[in-house]
Structure formats: structure tokens, C-alpha cells
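Visitor: Pasting a structure below so you can have a look.
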Amino acid sequence: MYIIKRFVVTLFCALLCAHAALARQSQDQQRDTQAKNTLSQDVLIVIQRENARFIAQRAVAEMRLTVFDQTGAVVYDSGAIAETELNWPLQDANGQAVRSGLYAYQLSIKDVGAEMARVRRGHFIVDRAKDRDGLTDKLWITSQNDNGVGAELTLARDENVTVAGAAINNERGVARRSEQPDRDGDGRKVEAETQTQTAAMKEGAAMTAAGTVGRIAKFTSATDVGDSLITELNGNIGIGTTTPVGNLHVHGTTGITTTGPGAAFFFSDRETTTNTKYYAWYAQDNAARFWRSDVGNLMSITPNGNVGIGTNDPLGNLHVHGTTGITTTGPGAAFFFRNRETTTNTDYWAWYSQGNVAYFWRTGVGNLMSVTPSGNLGIGTMNPATKLHVEGTGFVEATIKSRNERAILALTNTLGPGAYTWTVESGVNGQPGLFGIYNRVVGRSGLEINGDLMVSVKALQITGGADLAENFDVRAAAATAIQPGMVVTIDPAEPGKLALCRRAYDRRVAGVISGAGDVKPGMMMGATGTLADGQHPVALSGRVYVWVDATRGAIRPGDLLTTSSTPGHAMRAGNVAKAQGAILGKAMTGLKRGKGLALVLVTLQ
């Protein structure tokens, strides 16, 4: 407020030292100087409410007024007017009222019959006091003296009258003519420009500008000027200090009070002029604080560089603290992230802590990941039971991706010198297309799968089955269902397919459908989408339970078996000559009579 109130005195001082920089100079400076003295006697300046009038005292061909701001930009141009009176309504070219400030003007008058116009320059000082403190607006007008600087007329206006005067001896003196003052056509009082007024104003301006060197002035009363708390030293501005150490240095002796910090940079919302929600940066106890009037400290920065949000004593480089956990809108103390698609996007992500557990959270979904105090990491579960616990309701996928030649998942069963480590690798031995299980102790892979899905293993032990089988499509005999353990032969009517056996000593015997007696195939072969594929696994070698018919002779372990006329059944091969090329295998268990299952070692011959 002090800075605003003292701007008139500061602007008058600026007139004494910067007049040439603010006013646009005419190309013909000599012509202006010769015409000036005559012009100053021929023009009467009258101040009215929101209007400045320039009245020629004799007939003229035309008048023109141009007003400039402090950057030299044109604010108002009347254009050439063929009248003896010219008015400026204190507005810019768009009809908007000009703001408080210093403005330069150029008034040119062309006499009747003259070839050249005479030019006069000066300044307007506009003080919109009503906008600031509710007092009366004021307007000062200056014009050049013989030396081209200074002010030879000062006019101050209140709500009712127009007066002329200058500040003298730190008081405002009002000089009125002893005789009846001149009036214009509307009955308003007017004052002519005089050299006496110019001298008086120079003297008053010099006296009111007195103060401490380096200290910026302020109005200490309605008429007196004294020192403010603002200092300028070597280009640095100090508020509350006479030795500013930076471009702007604010210093205070108090910290937080009931109304706010003592020495601080204040900010407030712009919605209304009565808004009382203030923000401020201030320093206290060697720490920087960010504060809000209705909350208190929001953020702090300690001398060691730690930043605290929600705490004045951050324990790390960034310390976020809150008193609430999950709310209807999200976590209380959290690191928030938001998608950048639109400014109205409400899809938020956050890290927060609650109950000594760290959570990763998303709006509309809830918690996605958790880390317990013991270090267990849960994805899709908030109670991880192991170091890595992944859960999901649909397809669950875990990906390990490497940007070099190898991606490795290491599994170590013990710690210390006896550690034994296996790795699951993509890019075994530096070959990008090779996947395998690698033994770190011996330095070799135990299993490899190449890009053609060829599996390589040094040794393979099968514990879930006892035969080698291939998949075949099998045609059933009339009224006979296909079952595991039935004997099948090559089907001459269907290339690549099989049929249940239906006659004895059939040299087309091919094998046994695997899976009877709970003995499953140990290895399955086939080529999907070709003739070498089918719905039934047929044992070509190995141990398998087979349906046998003992009605034509009991079966003992070691007997050779061949096909029988009972569909899908085998029998003892009693006729060696007929059995040649029709042998299914050797019985490993016996059957004295009837039909049933016997364990057979399949060896086709």
C-alpha cells in the first residue's frame, strides 16, 4: 500500500530525469523550441471530471493530441481537429479508462495560414485512488518549460472544483487568484499556466522527495514523504533488511502468528478480493516452509535438503505423511499419478502405506499390489504368503524380459557355500532362440528347446506310464464299443487308420489300445493335422493290460499271444506256423478260463 501511495512523488522525480525517454521526439527539434514559448501562452488547460481540455486562445486551423504510455506506445490519438478546443476523456483508443500511471502527450497546433504546426509536450499523471483506497481520483498535467524538462503547471481535482497548486514545505498549497477566477463556458473554474507554478512545483517535489539514500520513499501522512522498509542496494531489493543479498530479499523477526508467517511471500486466490485463503513461503529454524492460512504448514525443506509433505521433520529426501488411509476418493498420504489424456481424466494411481504395509492403488479398482513388513510382495493379493505371490481370477501371466541375449530366472535352493542354483533361461549359452533349464553348478543345460520346438535332454525318466503309444483313429466292430486294452489291426479300407481285430492269427495286428488296468501311456507320439494322428493311444511297445479270450486254451505267463475271432481280444498262439507274423507279444500274467485282462509285454513280430 505504501508503494502505491508514493507513486506520484516517484513519477515527478522520473519527470526530472527521464522525460526525454518517455516522450516521442519531433524530427524538427529546432522548430519545436522556437514555437514553444508562444504556444505556452496561447493554450489554456482545464481539468474536469474524467476530462482534460486544451483550449486555444486564438483562431487556429487545426489541433491534434497524441498520448503515449511509458513504453512509447500510442494510447490515444485525437486526429486533426479543425476547432479551437480539444478534449481527452482519459480513455484509450478502445474507450477504456486509462489506469493509474505516467503518460506523455504531444499537442500540435497549426495556425491559420501557417505551413508548419507548433508542437508542445508534457505529461499526465493519473492516480486512480478510488480503485486503491476509496479516496478521490487525481490528475496532474505538466508541460515543458524553456529547458524542455520539468513541470510548469500542476492541477489537482476533487469531486467538485478544479484548483491549481504545488506541494511546498511538505504541505499542499492551493494557489487561487485573488480576483474572481476565470470561468469557461460551462461556469467551471480554470487556471492559466504560469512560470511561478512551475517553480513552486519543482521546489515542492524536491522537498517531498528527501530521505535516506537507498531507501525507497513512502507517504508517511497525506502530505509528508519518508522512508519505507524497502531498500535498494547494488540492484538488490530488500524488504525488512538494509543489506539485501539477492535480487529480492525478505527478512522478518517473527515466524508463524495467528494470521500467518512473519517474513514470507504471500499468495491468495483470485476469485474475489475478499478471499481469505492465503498461501505463503517463509523461513523458520533454518528450514523453508510452505503454509496455508486455514491449514498451517503443508510442506517443508530442511537444511540437509529433505522435503517433507505433511510433516515438518522429513526423515528422507522425500517424506510424505498423512493421518488418513483410504477414503472415498483415494488414499490419504500417497504418491499420486494420473493419465495425461485430458485434464478431466479421473483415473488415478497411487502408492500409499497403511498398517505398516505399502499398497499400490487405482481408482475404480482398489489395491493392486502390496508389500508386507517381512518383504513379501503380493500382486493381486493384499496378504502375500511368499516372497512373490501372484493371484488372479482370469489368465495370469508373469513376464521376464531382457534387452540383451539372455533372460534368466534363477532358483537357488540353499544359501552359503553349498548353494545349488538352477536357472530357467531364454537364450541359453548366448543362443537367442534356445530355451532351457541350466545347471549353474556343472555349467550345462539339462533341457533345451530350440526354435523348431525340438527338445534335447541327456536322459529322460518316465514315471507316469509304461508303454510307447501313438494316436490312431480306430473303427469299431459291429455292436462293439472301443475300450482300452482291445487289440487292433491295420484297416485296409481306411489308410493310416486301425480297426478292432475280428479273426484269429491276423498278420495285420498293430497293437493294443493303451490305458487299461490303470496303466497309462508313458510316451505319446503323433503329428497333429496329418494321417499320423487320431483319438486313441495305441501301445506299440511296452507293458499294457490286454483283453484276452481263454475259451480255446488257458493262458500262462510266457505264452505267445495273437489275435482271436472275438472282436478286440487276443488268445494263446497254439499253431506256431500260423502265428508267424501275427504275434502281439508275450503274456506276463495268466488266465485259466473265460475272458479278462492280462498284463502283456507288447513285442510285435
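Any read-out appearing in this document is the output of simple, stated calculations on the displayed coordinates, not a laboratory observation. None of these values were measured; they are calculated from a predicted model. Methodologically, a virtual Cβ is constructed for each residue, glycine included, from the backbone with ideal geometry; neighbour enumeration extends over all protein chains shown.
Visitor: Which FRET efficiency value, to the nearest 0.05, is calculated for GLU232 and ALA410 with the Förster distance at 45 angstrom and r the Cβ-Cβ distance? Don't jump to the answer; show the numbers that get you there.
Guide: Values: r = 68 Å, r/R0 = 1.50.
After rounding to 0.05, the efficiency reads 0.10.
Visitor: What FRET efficiency, computed as 1/(1 + (r/R0)^6) with R0 = 56 Å and r the Cβ-Cβ distance, is obtained for ASN383 and ALA532, rounded to the nearest 0.05?
Guide: Result of the calculation: an efficiency of 0.65.
Visitor: Which entries in LYS497/LYS592; LYS520/LYS578; LYS218/LYS277; LYS520/LYS595; LYS458/LYS520 show an alpha-carbon gap greater than 26 Å? Show your work: numbers first, answer last.
Guide: Numbers: LYS497/LYS592 33 Å; LYS520/LYS578 32 Å; LYS218/LYS277 28 Å; LYS520/LYS595 22 Å; LYS458/LYS520 24 Å.
Result: LYS497/LYS592; LYS520/LYS578; LYS218/LYS277 exceed 26 Å.
Visitor: On a full-extension model of 0.36 nm per residue, what is the gain between ASN356 and LEU453, subtracting their alpha-carbon distance, rounded to one decimal in nm? Numbers along the way, then the final one.
Guide: On the way: separation 97, 0.36 × 97 = 34.92 nm, distance 4.73 nm.
30.2 nm is the gain from fully extending ASN356 to LEU453.
Visitor: Next question. Just subtract the alpha-carbon distance of ARG508 and GLN580 from 0.36 nm times their residue separation and send over the number in nm, one decimal.
Guide: Details: separation 72, 0.36 × 72 = 25.92 nm, distance 1.15 nm.
Stretched fully, the ARG508-GLN580 segment lengthens by 24.8 nm.
Visitor: When a/c is below 1.5 the answer is rounded, else prolate if a/b is larger than b/c, else oblate, so apply that to region 56-103 with a ≥ b ≥ c taken from the square roots of the Cα gyration tensor eigenvalues. Walk me through the numbers before you get to the answer.
Guide: Values: a/c = 2.43, a/b = 2.20, b/c = 1.10.
Prolate.
Visitor: Treating the beta-carbon of each Lys and Arg as +1 and of each Asp and Glu as -1, no other charges, what is the dipole magnitude of region 452-605 about its Cα centre, to the nearest 20 debye?
Guide: On the way: 17 positive and 11 negative charges, 161 e Å.
Roughly 780 debye for region 452-605.
Visitor: While we're looking at this one, here's another question. For GLU391 paired with ALA61, estimate the spin-label separation in nm (one decimal), with each label point 7 Å from Cα along the Cα-to-Cβ line.
Guide: Taking the two extended label points, one gets 9.9 nm.
Visitor: Sort LYS110, LYS458 so that the residue with the fewest other Cβ atoms within 10 Å of its own Cβ comes first and the one with the most comes last.
Guide: Fewest-to-most ranking of LYS110, LYS458: LYS458, LYS110.
Visitor: Also, I was wondering about something else. When a footprinting reagent is the concern and you count Cβ atoms within 10 Å, what order do MET588, MET486 take, fewest first? It would help to have the intermediate numbers written out before the result.
Guide: Numbers: MET588 16, MET486 24.
Going from least to most buried by this count: MET588, MET486.
Visitor: Determine, at each q value in 0.18 (inverse angstroms), the log₁₀ of I(q)/I(0) that the Debye formula gives when each Cα of region 491-559 is one equal point scatterer.
Guide: Log-scaled intensity ratios, in q order: -0.87.
Visitor: Counting only the backbone N, which residues of region 574-605 are under 12 Å from the spot 7 Å out from the Cα of GLN483 toward its beta-carbon?
Guide: Only 595-598 fall inside the zone, counting backbone N under 12 Å.
Visitor: Let me make sure I get this right: for region 427-514, a, b and c are the square roots of the gyration tensor eigenvalues over alpha carbons, sorted descending. Under 1.5 in a/c it's rounded, otherwise prolate if a/b > b/c, else oblate. Which is it? Write out the running numbers ahead of the final one.
Guide: Numbers: a/c = 4.29, a/b = 2.92, b/c = 1.47.
Taking the square roots of the gyration eigenvalues as a ≥ b ≥ c, region 427-514 is prolate.
Visitor: Right, next: Between GLN96 and ASN312, what is the spin-label point distance in nm, taking each point 7 Å from the Cα along the Cα→C-beta axis?
Guide: For the pair GLN96/ASN312, the computed spacing is 4.5 nm.
Visitor: Could you give the length gained by full extension between THR463 and THR243, i.e. 0.36 nm per residue of separation minus their alpha carbon distance, to one decimal place?
Guide: Details: separation 220, 0.36 × 220 = 79.20 nm, distance 9.01 nm.
Full-extension gain reported as 70.2 nm.
Visitor: Turning to a different aspect of this structure: Pop the C-beta distance of VAL441 and ILE400 into the FRET formula with R0 = 35 Å and round what comes out to the nearest 0.05.
Guide: On the way: r = 22 Å, r/R0 = 0.62.
Once rounded, the FRET efficiency stands at 0.95.
Visitor: Now, a different point. With a bin width of 10 angstrom, please list the P(r) values of region 467-602 as percents of all Cα-Cα pairs, from the 0 bin to the one holding the largest distance.
Guide: In whole percents, the pair-distance histogram is 14, 47, 32, 6, 0.
Visitor: Counting other beta carbons within 10 Å of each residue's own, what order do ILE490, ILE583 fall into, fewest first? Show your work: numbers first, answer last.
Guide: On the way: ILE490 16, ILE583 20.
Lowest to highest Cβ neighbour count: ILE490, ILE583.
Visitor: Could I have the simple spin-label model distance between THR551 and VAL112, label points 7 Å from Cα toward Cβ, reported in nm to one decimal?
Guide: So the label points at THR551 and VAL112 sit 15.3 nm apart.
Visitor: Going by amide H atoms built from the backbone, whose H comes under 5 Å of the H on ALA52, apart from near neighbours?
Guide: Residues meeting the criterion, in which the H sits 1.01 Å from N, are TRP88, LEU90.
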